[in-house]
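To keep things clear, I will list the structure first and then write my remarks on it.
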Amino acid sequence: MNFSSNHGFVNQLLVYTLVMIGFSGSIGLGTVWMRHQISVTANSNKQLDARIAMVERHLAETITAAESERDTRVLLRRNAEWNLGLVAPTHGQIVRLGEDPVMRLAAKRNAGLFGDTAPQTAAVYLPLARR
Amino acid sequence: MSRGFASNYRLVLLAVGIIACFGGVGARLVQLHVIDREALVAGIEKARWRIDIEKARRGDILDRNGSILATSRSMLVLQVDPQVLRPEDEHKWPELAQIIEMPFDEMARIFRTKTRPVKKAPTTETNTAQPRFTGLKTENVAEADEENADLDDAVADNGERLIRWAKLRDEITETTYAKIEALGIKGVYGTRVYRRAYPHKTLAAHIVGFVNKEGVPAFGIENYADFYLRGRDGWREGERDGKGREVAQFRTREVPASDGYSVTLSIDATIQHIVEQELAYIAATYAPQKATIIVSDPQTGFILALGNYPTFDLNAYNKIPKGEEHVMRNVAITDIYEPGSVFKIVAAAAAENEKMIKPGMRFDCSITHIDYLGRSRRLPGEDHRFDEPLTVADIVAKSSNRGAVQLALLVGQDRFYEYARAFGFGQVTGFPSGAEENGILAAPGTRGWDGLTITRMPIGHAVAATPLQMHMAMGVIASGGLLLRPQVIREIRDAGGETVYRYGPAVKSRVISEATARTMRKYLQGVPVSGTGKAAAIPNYEVAGKTGSTQKIIDGRYSSQHHVASFVGFFPASRPQVAISVIIDDADPLKGRYASGGLVAAPSFKRIGEQLIQYLDIKPVYEAGDSNIVMGGIHR
């Protein structure tokens, strides 16, 4: 190819121009694709944010409802409504021990096991049978 | 090479044409991006630029075990744009009315009212509420807002203004809104707002306080700790599309919202419930004007429970009838009363601390007059006759008025005043909630101090204190002589749960020595054993306390019918773990007896104390050797 003639120069110019157009077009398409991807990602993030916020809102609502149900007045009402019969121990029912309760209970459980003390005979009364 | 099509002329023409085209495009770009840039960008920014406020979530208020006393939850304000409603959705209206619990006729009237007179004042129900709403917006709301802005001045054919916004219902839950969305009625939409919720309703109402619908904290911890609780709103700057929706990729600046810190209180919800249950019992039994019960840890000054009667539901503060707003007052710090005999602890502690009491010293409490500073002073009357001289322990246990006055006179009026001041009277305690009263404590030589004051103040007259002041004064004896600042905030935590600040005990001053405090505790142990507060005695426990029964001033005169009854004490006396104050104003006792502290307040102390023993696992403490309580027959 003759590069020194006018034709050669124009041909070269046309080729380079076409290459430049092709290259610019590719860059442009790439940019558009990239911006589209950015847009898709941004929207996806936004939707995720919205979903997280929605879950948090539902969580807050559920926690509030659960806390309301844990209120002592509500629990007492439920106790009565459902006939659970749960009562707090009164002061008089509590016996404070000056010794280790585990040892005391163990001694009570094992009393008579090795013949150290004779087991007490249980006396059963049937008041109705006496009538 | 054949010249063919590519003649010189044609090639040059083609090249020039292409270059001209590029040049033209380039020139246009330069014009748009450089020359006209300012004007074009300004126009675009005006049309597309938007700032979205992201509301911070207000922090929670928790009790010391983590139970939520106040929290924020998202709710929706349901609205309608009557211009957008479609006739094909009309069959869904009854179901909507049912979901939002609104009479169908009323809802249909709102839906069908599409215009309003132009001259109508802008304070109608349908158009006033909108500016008050704040919070996160839904997408369709943003769209609707955009349309509202565009059509704000739209006028119908009849010359009336078009209604683009009308409120249907406040406080729709997320669950309910999901059902409404499922109906798919175009033009019905919700605006999200954060609303404060108080799951335990009346529990610790006067401590927690509330935030009103405008988001303004009214009182209590909500108000005091607002700086920590409120958080910081965030914002986003970006662009919107033709429908007013945010174009996420064009966010230029974004400041995320910082949620508020959580405040953990020293209040225990269970103890608070015990207290409020007792207050309900007092209200049902004695029909008092008001009553206060305070429970605290005397070693640290942290309040475990504080309840008042009457009280109110924090979720329904706006439903309190006119004239009944006083139920919102935290009377434990805002109302003052004459403490009566409980104040005798000041005279006894002062005399003891000044080492005026010698072993075996007794006081004649049958005398009616006494000389002081060259003048004969008339002593106050006694409820009981004391033929034998009394020891200091007897004066405290039997609540002798004349004995208490003689103790104060031993100290002298100036020193006695200084002790009263040191015990915290006449000044705010520093309680972090609400408007606290100073109380009344006149200094010698001032207008409020006359010749009778020195014979009246030692028995709790001529002085006024808030229930909390009296409670903290008793705390001086329980804590070993230290005046502590009553505290209710335990710690501040950030949104991630990390502790930002932890409060510790705050000692204001040392009032009396530890030895004096120990002696005073022994004196006060006599009150439930052989004195005026027998009803406060708890089997197997050393209870120390003092009864108080003050005549109320009605129409400027002391009334024999109206009293303030109180019992302020703590236990176990030798190692105090809880201090309890029960103050009942104008109780109506059973069987016509007058409402003394020993009759109406001391039993409450006992009932609360017995429950606290189990809940806090308070073990009985017996001092070796000289515990007169154990030896005195109360030990079972």
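Quick one: give the max-minus-min coordinate of the C-alpha atoms of region B:214-298 along each principal axis, largest first, in Å.
In descending order, the Cα extents are 69, 31, 20 Å.
Calculate the spin-label point distance for B:Val428 paired with B:Val500, positioning each point 7 Å from the Cα along the beta-carbon direction, and give it in nanometres.
Taking the two extended label points, one gets 2.2 nm.
Rounded to the nearest 0.05, what FRET efficiency do B:Lys355 and A:Ala106 have when you use their Cβ-Cβ distance and R0 = 41 Å?
My answer for the efficiency is 0.15.
Calculate the translational D of region B:186-230 in whole µm² s⁻¹ from Stokes-Einstein, where the hydrodynamic radius comes from the Kirkwood formula applied to all Cα pairs, the temperature is 10 °C and the viscosity 1.306 mPa s. Intermediate results must be reported in sequence, preceding the final value.
Numbers: Rh = 11.9 Å.
The Stokes-Einstein estimate is 133 µm²/s.
Taking the Cβ of each residue in B:Ile477, B:Ile440, B:Ile185 as the centre, tally the other Cβ atoms inside 10 Å and list the residues starting with the fewest.
B:Ile440, B:Ile185, B:Ile477
What full-extension length gain, to one decimal in nm, is calculated for B:Asn65 and B:Glu171 as 0.36 nm per residue of separation minus the Cα-Cα distance?
Length gained, B:Asn65 through B:Glu171: 35.2 nm.
Report the one residue of B:Pro458, A:Tyr16, B:Pro528 whose Cα lies farthest in the direction of the positive end of the charge dipole of the protein assembly as shown (charges on C-beta: Lys and Arg +1, Asp and Glu -1; origin at the Cα centre).
B:Pro528
Which value in nm describes the separation of the simple spin-label points at B:Asp313 and A:Ala66, placed 7 Å from the Cα toward the beta carbon?
Using points 7 Å along Cα→Cβ, the separation is 2.4 nm.
Suppose R0 equals 30 Å. What FRET efficiency, 1/(1 + (r/R0)^6) with r the Cβ-Cβ distance, do B:Thr252 and A:Val15 give to the nearest 0.05?
So the FRET efficiency works out to roughly 0.10.
So for chain B, averaging the separation of alpha carbon pairs under 8 Å that are six or more residues apart and normalising by length, what relative contact order in percent results?
Relative CO of chain B lands at 13 percent.
Where nothing but the Cβ of Lys and Arg (+1) and of Asp and Glu (-1) is charged, how large is the charge dipole of region B:8-52 around its Cα centre, in debye to the nearest 20?
That gives a dipole near 140 debye.
I'd like the distance separating the alpha-carbon centroids of region B:452-486 and region B:359-415, in whole Å.
Each part reduced to its Cα centre gives a spacing of 19 Å.
Which value in deg cm²/dmol, rounded to the nearest 500, describes the helix-derived mean residue ellipticity at 222 nm for the protein assembly as shown, given -39,500 (n - 2.57) per DSSP H run of n ≥ 4 and division by the residue count?
-11500 deg cm²/dmol, from helical runs alone.
Excluding residues fewer than 8 places away in the same chain, name every one of the aspartates and glutamates whose C-alpha is closer than 17 Å to that of B:Lys534.
Qualifying aspartates and glutamates at Cα under 17 Å: B:Asp383, B:Asp394, B:Glu542, B:Glu610.
For the pair B:Ile367 and B:Leu32, how long in nm is the line joining their label points, each one 7 Å along Cα→Cβ?
10.8
Of B:Ile294, B:Pro576, B:Thr547, whose Cα points farthest to the positive end of the dipole of region B:269-634 (charges on the beta-carbon: +1 Lys, Arg; -1 Asp, Glu; origin at the Cα centre)?
The Cα lying farthest towards the positive end belongs to B:Thr547.
Of the listed peptides A:38-51, B:479-492, B:454-467, what is their order by residue-averaged count of other C-beta atoms within 10 Å, with the highest listed first?
In descending order of packing, they fall as B:454-467, B:479-492, A:38-51.
Taking amide H positions as placed 1.01 Å from N in the peptide plane, with prolines and chain starts having none, which residues 5 or more places from B:Arg161, or on another chain, fall under 5 Å of its amide H?
Amide H neighbours of B:Arg161, under 5 Å, 5+ apart: B:Arg116, B:Val118, B:Ala156.
Structure shown: which of B:Lys201/B:Lys322; B:Lys201/B:Lys508; B:Lys344/B:Lys552; B:Lys114/B:Lys322; B:Lys508/B:Lys619; B:Lys213/B:Lys322 lie over 25 Å apart, alpha-carbon to alpha-carbon? Mind dumping the intermediate values first?
Details: B:Lys201/B:Lys322 20 Å; B:Lys201/B:Lys508 34 Å; B:Lys344/B:Lys552 18 Å; B:Lys114/B:Lys322 36 Å; B:Lys508/B:Lys619 29 Å; B:Lys213/B:Lys322 18 Å.
Distance filter (> 25 Å) returns B:Lys201/B:Lys508; B:Lys114/B:Lys322; B:Lys508/B:Lys619.
Where Rh is the Kirkwood radius over the Cα pairs of the protein assembly as shown, the temperature 37 °C and the viscosity 0.692 mPa s, what D in µm²/s does Stokes-Einstein return?
100
Would you mind checking the radius of gyration and Dmax of region A:6-110 based on alpha-carbon positions, in Å?
In Å, with Rg to one decimal and Dmax whole: 39.2, 121.
With every atom except the alpha carbons ignored, what do you get for Rg and Dmax of region B:8-52, in angstroms?
17.8, 62
Taking the Cα centre of region A:6-110 as origin, work out the dipole magnitude from +1 charges on Lys and Arg Cβ and -1 charges on Asp and Glu Cβ, in debye rounded to 20.
Working: 12 positive and 9 negative charges, 70 e Å.
The dipole magnitude comes to about 340 debye.
Kindly provide the pair-distance distribution of region B:269-634 built from C-alpha pairs, with 10 Å bins from 0 and whole-percent values in order of increasing distance.
Final binned percentages: 5, 25, 36, 24, 8, 2, 0.
Taking just the alpha-carbon atoms of chain B, what radius of gyration and Dmax come out, in angstrom?
Gyration radius and largest Cα-Cα distance of chain B: 36.1, 148 Å.
Starting with the fewest neighbours, write out A:Trp33, B:Trp449 ranked by other beta-carbon atoms found within 10 Å of each beta-carbon.
Placing the least packed residue first, the sequence is A:Trp33, B:Trp449.
With charges only on Cβ, +1 for K and R and -1 for D and E, what is the dipole size of region B:269-634 about its Cα centre, in debye, rounded to 20?
Details: 37 positive and 35 negative charges, 115 e Å.
Approximately 560 debye in magnitude.
Cut-off is 10 Å between beta-carbons; in what order do B:Val255, B:Val568, B:Val476 appear when sorted fewest neighbours first?
Taking fewest neighbouring Cβ atoms as first place, the list is B:Val255, B:Val476, B:Val568.
Projected onto the charge dipole of chain B (+1 at Lys/Arg Cβ, -1 at Asp/Glu Cβ, origin at the Cα centre), which of B:Gly59, B:Ser262, B:Ala537 gives the Cα projection farthest towards the positive end?
B:Ala537
For chain B, which DSSP H helices look membrane-span-like by this rule: Cα extent along the axis of 27 Å or more and mean Kyte-Doolittle of at least -1.0? Please list the in-between numbers first.
Numbers: long enough: B:8-30 (32 Å, 1.58).
Helices meeting the span and hydropathy rule in chain B are B:8-30.
Each value in this text was obtained by applying a stated rule to the coordinates, not by laboratory testing. If you're wondering where the values come from, they're calculated on a predicted model, not measured in any experiment. Reconstructed Cβ throughout: ideal geometry from the backbone, glycine too, with neighbour counts over all protein chains shown.
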